[in-house]
Amino acid sequence: MSKMFHPLELFVGLRYTRSRRQKHFISFISLASMIGIAIGVLVLITVLSVMNGFEQAMRDRILGMLAHVTVSENDMDVDNWQGLSEKLSGFPHVRAISPFIEKPIMLNQGDEARGVLLQGIVPEMESRIGSVFEHVTQGDMKKLTPGSFNIAIGVTLAKELKVGMGDSLMLISPSEGALENGELPTLQRFTIAAIFRVDMQNYDSAFAYVNLQDAAESFQMGERITGLRLKLGDLYQAPRVGQEILQRLSLEMPDLWVSDWTRQNENFFKAIQMQKSVMFIILLLIIAVAAFNLVSTLVMVVTDKEGDIAIMRTLGLSSGRIMKIFMVQGTLIGVIGTLAGVALGVLLATNLDVIVPLLERMFDTHFINSDVYFISELESRVEVSDVILIAFCSLLMSMLATLYPAWRASKVQPAEALRYE
């Protein structure tokens, strides 16, 4: 027969969780301890799920505008990109390749002017790389045909320039020898053929797209481009694929430059991970406070049950078995609180997409500002590993909280406890 889970210890421990003889105070503080643990677990699961959703949304949005791997040369000027594209298509995990020209320019309309990063693309090829085509609210990116001199801009940029579909914009780009030779800047008029909205302030106001051939003609680049964007079957293979490209092609292309999405946004995603870790530790203190409350609850129970403990000791129960009775009681409180917190936390986290818009309508406010957080909607993603870790930490702290009160109960002396009974 197992000593740790002897029926007597389990029965008495469960019995002590409830009150008797109309003494409800012990039951009340036991319930308060359960609620405290449940609230701590609920808040921790919800907050971490929101941070997971934020990280995933940021990754999806950023990778929708950037490539998994970018290949160029140190001077950002690639000749014979078709030949380079054929070589890159033979590398593992490469699913799509798109050439691009990238230049910082100024867009002007009337009295308004804004600096943007112009992207010269081939729409048919770029649509397999990025997701900006999925976020077009007006017009069609396919109208960026060679010789059309059409342009696609973000909705925020359109508002700032006070323009709409069919309006014209003047592209202004200083030439490379402007400072040395006094050359005039490049001027080219484009017509707005599409307006996109990705709900990221940095992109809706700072990016514009034209056809690759129109960009090459405007900047007098001929057949040269800035580089090639690659999309991989597994985006987490980007560092390895980039390194392999650099090793295999560096001999024939000594000026080869390779970057991937993890390098371009390394500090950003590291900051999110660090915030998540810090938030986990801070919110874990909520559960720790509830566990501390469990210590005081069990101490009060031990004090209230000293007479019962003394009688059980005189009937032959060892101090170890007395200790297990109160460990059962404390662990039960921790288990119920943890399970309730996990259930409510998962339920809340998975329904935030319904709850948050409802609260925003009720209070006539908007919780997520895209100017600050880069996204406009609160998203949540529950990670099973996070839930398991939170539940484990909660149960562990609950069990540890039972040790001192249970040890104190095991030290009750029958003669002293029964003296005034």
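The values are calculated or read from the model by the stated rules, or taken from the named source; none is laboratory data. Predicted, not measured: the structure shown is a model, and the values here were computed from it. Positions of Cβ are generated from backbone atoms using ideal geometry, with glycine treated the same way; all protein chains shown enter the neighbour counts.
Restricting the stretch 145-160 to residues that are of a type outside the set (A, V, I, L, M) and within 31 Å of the chain's Cα centre (by Cα), the residue that is surrounded by the most Cβ atoms within 10 Å (Cβ to Cβ) is 154. A residue that is touching a Gly at 6+ places or on another chain (Cβ under 6 Å) and under 21 Å from residue 225 (Cα atoms) cannot be found anywhere in the stretch 30-50. The helices (runs of 4 or more DSSP H) located wholly in the stretch 241-320 that include 3 or more residues which are under 30 Å from residue 412 (Cβ atoms) and of a type outside the set (Ser, Thr, Tyr) occupy 266-304, 306-314.
Hey, does the stretch 191-207 have a residue that's assigned by TED's automatic domain parsing to the domain that holds residue 258 and touching a Pro at 6+ places or on another chain (Cβ under 9 Å)?
The initial filter retains those residues of the stretch 191-207 that are assigned by TED's automatic domain parsing to the domain that holds residue 258, namely 191-207.
From what's left, touching a Pro at 6+ places or on another chain (Cβ under 9 Å): none.
No.
For the stretch 88-109, a residue qualifies if it is out of contact with any Asp or Glu (no Cβ under 8 Å at 6 or more places or on another chain), among the hydrophobic types (A, V, I, L, M, F, W, C) and either at pLDDT below 90 or not in a strand (DSSP E or B) (or both), and exactly one does: 88.
Yes/no per residue for (1) at pLDDT 80 or above; (2) farther than 30 Å from residue 231 by Cβ; (3) outside the structural domain of residue 238 (by TED's automatic domain parsing):
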position	(1), (2), (3)
273	no, no, yes
279	yes, yes, yes
284	yes, yes, yes
288	yes, yes, yes
291	yes, yes, yes
294	yes, yes, yes
305	no, yes, yes
312	no, yes, yes
315	no, yes, yes
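Only one entry in 163, 210 is without any contact (Cβ under 8 Å) to a residue 60 or more places away in the chain, buried (at least 17 other Cβ atoms within 10 Å of the Cβ) and more than 30 Å from residue 379 (Cβ to Cβ), namely 163. For the stretch 122-144, the count of residues that are over 16 Å from residue 235 (Cβ atoms), surrounded by fewer than 17 Cβ atoms within 10 Å (Cβ to Cβ), of a type in the set (Lys, Arg) and over 25 Å from the mean Cα position of the chain (by Cα) is at least one.
Do we have any residue at all in the stretch 76-87 that's of a type in the set (Asp, Glu) and part of a helix (DSSP H, G or I)? Yes, because at least one residue in the stretch 76-87 is of a type in the set (Asp, Glu) and part of a helix (DSSP H, G or I). Whenever a residue of the stretch 125-149 is more than 23 Å from residue 188 (Cβ to Cβ), its partners that are among the charged types (D, E, K, R), lying with C-beta atoms within less than 6 angstrom and at least six residues away or across chains, give the pairs 129/229; 129/231; 135/197; 137/197. Condition check for residue 262 on (1) of a type in the set (S, T, N, Q); (2) surrounded by 13 or more Cβ atoms within 10 Å (Cβ to Cβ); (3) under 29 Å from residue 398 (Cα atoms): one failure, at (3). Summed over the stretch 37-96, residues that are among the small types (Gly, Ala, Ser) and within 30 Å of residue 297 (Cβ to Cβ) total 3. Whether any residue in the stretch 118-131 is among the charged types (D, E, K, R) and assigned to a strand (DSSP E or B) is what I want to check. No: zero hits. Residue 306 meets all of the listed conditions (1) under 28 Å from residue 398 (Cα atoms); (2) within 30 Å of the chain's Cα centre (by Cα); (3) not small (Gly, Ala, Ser) but one, namely (2). One residue stands out among those in the stretch 330-371 that are modelled with pLDDT under 80 and touching a helix residue (DSSP H, G or I) at 6+ places or on another chain (Cβ under 7 Å): the one that is farthest from residue 42 (Cα to Cα), which is 371. All of 130, 147 fail the test of being modelled with pLDDT under 90 and in contact with a strand residue (DSSP E or B) (Cβ under 9 Å, 6 or more places away or on another chain), apart from 130. The set of residues in the stretch 372-385 being at pLDDT below 90 and either under 16 Å from residue 286 (Cβ atoms) or not in a helix (DSSP H, G or I) (or both) consists of 374, 375, 376, 377, 378, 379, 380, 381. Out of the helices (runs of 4 or more DSSP H) lying entirely within the stretch 140-240, which hold 1 or more residues that are over 18 Å from residue 100 (Cβ atoms), among the acidic types (Asp, Glu) and in contact with a helix residue (DSSP H, G or I) (Cβ under 9 Å, 6 or more places away or on another chain)? Result: 201-204. Of all residue pairs spaced 6 or more apart or on separate chains, none has beta-carbon atoms under 8 Å together with a first member in the stretch 66-89 that is not assigned by TED's automatic domain parsing to the domain that holds residue 238 and a second member that is surrounded by fewer than 17 Cβ atoms within 10 Å (Cβ to Cβ) and acidic (Asp, Glu). Given (1) in contact (Cβ under 8 Å) with a residue 40 or more places away in the chain; (2) out of contact with any Phe, Trp or Tyr (no Cβ under 8 Å at 6 or more places or on another chain), identify the lone condition not met by residue 347. Single failed check for residue 347: (1).
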